[in-house]
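First comes the structure, then the notes that go with it.
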Amino acid sequence: MLLSTVASSVVGCFITRSSRVRGIPDPSFFATSTKMALEQFTFGPYKIDSREVFYSTHLSYALVNLRPVVPGHVLVCPRREVKRFVDLTTDETSDLWIAAQKVGSRLETYHKASSLTLTIQDGPQAGQTVPHVHIHIIPRKGGDFEENDEIYDALDEKEKELKQKLDLDKDRKDRSLDEMAQEAEEYRKLFL
Ligand code: AMP
């Protein structure tokens, strides 16, 4: 996985934002971006580049997906590496779902969707491939899948492909870090 330095993340945010907006950029944008750039995030065995993270609280964070099944398919996780839903504390559980509610509603609007699938694959036999609790947030539109429940087949397919790729080459990603960082930057603006 590509790793970035804190400095390049912060500078990267500055250049991108200031080149788009004339005048002085909104200071809250830098405060949020800088804070997240200085933090460490892990997702199971993976170290997550802070540029992939677009929303965080003291207990949870939201990141863009390496292999989204539809536009806006993101993940909300507890900051603590916890494998199973039952192992979350009450505070982590409520914070996680409140974060999911907020992220889901913003992304539904952003992607002009009309529904959301929120799902947890809790344990390997339920389809969990990354042993770190995460809520899949999936904006849904009329006709996105022929049969509604095909969304679960789609999740399964993407994960099987991903596992094969990661087994072959741990550094290989379908989406580049740049693409994911750009998406996260767009989403970060929804929480200012
Ligand atoms: P699950 O099979 O329910 O455990 O879901 C795992 C999800 O994590 C899938 O949607 C993957 O595309 C996604 N994923 C796996 N590794 C990463 C990563 N390093 N960064 C972002 N998303 C990831």
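The values are calculated or read from the model by the stated rules, or taken from the named source; none is laboratory data. Model, not experiment: these values are computed from the prediction. Here the Cβ is made from the backbone with ideal geometry for all residues, glycine too, and neighbour counts use every protein chain on show. SASA here: full protein model, heavy atoms, side chains in, ligands and nucleic acids out. Shrake-Rupley method; radii C 1.70, N 1.55, O 1.52, S 1.80 Å.
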* Among the candidates L75, L96, L66, residue that is part of a loop (DSSP other than H, G, I, E, B) and at pLDDT 95 or above -> L66
* Structure fact -> Filtering region 58-71 down to residues that are within 27 Å of S114 (Cβ to Cβ), open to solvent by less than 60 Å² (accessible area, probe 1.4 Å) and either more than 14 Å from the ligand (Cβ to nearest atom) or of a type outside the set (S, T, Y) (or both) yields S60, A62, L63, V64, N65, L66, R67, P68, V69, V70
* To do: Can you give me the number of residues within region 139-156 that are assigned to a helix (DSSP H, G or I), surrounded by fewer than 15 Cβ atoms within 10 Å (Cβ to Cβ) and in contact (Cβ under 8 Å) with a residue 24 or more places away in the chain?
  => 1
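Residues checked against (1) under 14 Å from the mean Cα position of the chain (by Cα); (2) buried (at least 19 other Cβ atoms within 10 Å of the Cβ):
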{"site": "L107", "(1), (2)": "yes, yes"}
{"site": "K112", "(1), (2)": "no, no"}
{"site": "S115", "(1), (2)": "no, no"}
{"site": "T119", "(1), (2)": "yes, no"}
{"site": "D122", "(1), (2)": "no, no"}
{"site": "P131", "(1), (2)": "no, no"}
{"site": "I137", "(1), (2)": "yes, yes"}
* Options V74, V82; residue that is closer than 17 Å to A154 by Cα and either acidic (D, E) or within 14 Å of the ligand (Cβ to nearest atom) (or both) -> V74
* Filtering region 22-63 down to residues that are of a type in the set (G, A, S) and part of a loop (DSSP other than H, G, I, E, B), which residue is modelled with the lowest pLDDT? -> G23
* Asked: Quick check: is even one residue across region 96-109 basic (K, R) and either near the ligand (Cβ under 10 Å from one of its atoms) or in contact with a helix residue (DSSP H, G or I) (Cβ under 9 Å, 6 or more places away or on another chain) (or both)?
  -> yes
* Could you please find all residues in region 157-178 being open to solvent by 90 Å² or more (accessible area, probe 1.4 Å) and either part of a helix (DSSP H, G or I) or at pLDDT 90 or above (or both)? => E157, K160, K163, Q164, D167, L168, D178
